[in-house]
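Everything below concerns the one structure shown next.
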Amino acid sequence: MSKETVEEISEARRAAPGSEACQRACASADADEEGVTDGLREQWFVACTERELRRGKPLGVRMLGIGIVLFREQDGRIAALIDQCVHRGTRLSAGRLDGGQLVCPYHGWRYDGQGQVVHVPSIDGARATATSNPYPFRQRALPVRALDGLVWVYLGSGDASARPVFRMPMREQAPWQSYYMVNTFDGDISMLAQNFMDVPHTVFVHDGIFRSSRGKPMEATVATTPESVEVTYHDGDDSIGFCLAWLTNPDRVALEHTDRFIAPNVTRCEYRWGIRSGFLIVSQITPIDARRSRVYTYIAYRFRLPRWLLRLLRPMLHLYTHLVIQQDVRIMRAHREGLDNAPGFRPHNVRADVVHVAIDRLIDAVKRGERVSVAHLGEKTVRFEL
Ligand code: FES
Ligand SMILES: [Fe+2]
């Protein structure tokens, strides 16, 4: 490439809507429009499962209102770039991979995993040539991690390595077995985290298949820290799901039920019957934009049954959890539609809504980049009718 050509291109770059500097500005402008604040950006979010990211094909996802393209380089490493070609702005995830490099579908500009443009066919011809004078074009590459079968992306401007990634409990720890479900919900992280931690709704939305009304009260302790809301239920006789107590609780021991919200986007619901039976649901909520989210639901279980029987029951368990989550998908859609119907809605909380209020408060604090006031930390008892 001649010096003159580079200068020509550099001039074009200043005006290019997809240049890195412009990308940052555009990203934050989009974010404001989408109602996503900076505090929420400084987190690792799940972008896809490792399974969804096939070799040889780029994958486009949307997180916090921004399109991201993910792909595997030649050596299997995962790259994530803002999904916009720096040449004329085309969506890169509509392109293809060649030798682990991402090729824009419009004029064939080619990117490596760091977002560096490594070939411009209209200048250098059909074949890429090694040059000591690389192109002065680069798309923004985002920090990526692959852990527990999930691919995580960090969109913030802070130090990604200083932020923890939430690890999936009991994964690959025999005799625990686990799997993921992926669903798109019409709800933001606050609506969804509250739903996943909400026991009263289960006797309405999941009546008959997860929990049925017993016409008696339930008590729980709610402990709020600056990072979490932990709810410990005090009802060893409570039963959940399946109509299959023989599967979950053959020893007829008391149920220990603990739910935890880890700010700003993870819930973990844990049911234990003694030390040999357990059922866990971890929900990782990734905001697509201010109104919709993708939820990665991790189910882990161990039951006191022979392996062959557990294998036979596995499809049934998958179907069961799928049916339960579809009920939540539908109720969240109705919730979203109700909220959209008249703007400026304010909830009317009752004393059974302590968990909802605590979760909302923590998420709001993260969005503002603040900590909740100490007055809201500590333990409370909540009592509600089921
Ligand atoms: S828009 Fe991507 S190569 Fe032209
Ligand atoms: Fe539910």
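A short reminder: the numbers here are calculations on the coordinates, not readings from a lab. Keep in mind it's a predicted model, so treat the numbers as computed, not measured. As a convention, Cβ positions derive from the backbone with ideal geometry for all residues, glycine included, and neighbour counts pool all protein chains shown.
A few remarks follow.
- Mean Cβ neighbour count within 10 Å, used as a protection proxy, ranking 325-331, 138-144 highest first: 138-144, 325-331
- Look at where the Cα atoms of region 89-168 and of region 208-229 average out, and the two centres are 45 Å apart.
- 3J(HN,Hα) couplings calculated from phi for region 65-81 with the Karplus curve 6.51 cos²θ - 1.76 cosθ + 1.60 (θ = phi - 60°) are, in sequence order, x, 10, x, 10, 10, 10, 7, 9, 6, 3, 8, x, 5, 9, 10, 9, 10 Hz; Gly and Pro show x.
- Restricting region 37-69 to trypsin sites (Lys or Arg not before Pro) that sit in a DSSP loop and have at most 12 other Cβ atoms within 10 Å of their own Cβ leaves 51, 54, 55.
- Considering only 177, 324, 71, the residue lying farthest towards the positive end of the dipole of the chain is 177, judged by Cα position with unit charges set on Cβ.
- Using 0.36 nm per residue and subtracting the Cα-Cα separation, the extra length available between residue 364 and residue 309 on full extension is 15.2 nm.
- Once divided by 2.2 N^0.38 Å, the Cα radius of gyration of region 177-385 becomes 1.03.
- Residue 173 versus residue 379: modelled label distance in nm, points set 7 Å from Cα along the beta carbon direction: 2.4 nm
- Here the chain is treated with +1 on each Lys and Arg Cβ and -1 on each Asp and Glu Cβ, and its dipole about the Cα centre works out to around 1060 debye.
- Exposure here means at most 15 other Cβ atoms within 10 Å; with GluC sites (Glu not before Pro) in a DSSP loop as sites, the longest stretch of the chain lacking them is 228-369.
- Estimated FRET transfer efficiency when R0 is 51 angstrom, pair residue 234-residue 124 (beta carbons, to 0.05): 0.15
- Computed over the alpha carbons of the chain, Rg followed by Dmax gives 24.1, 81 Å.
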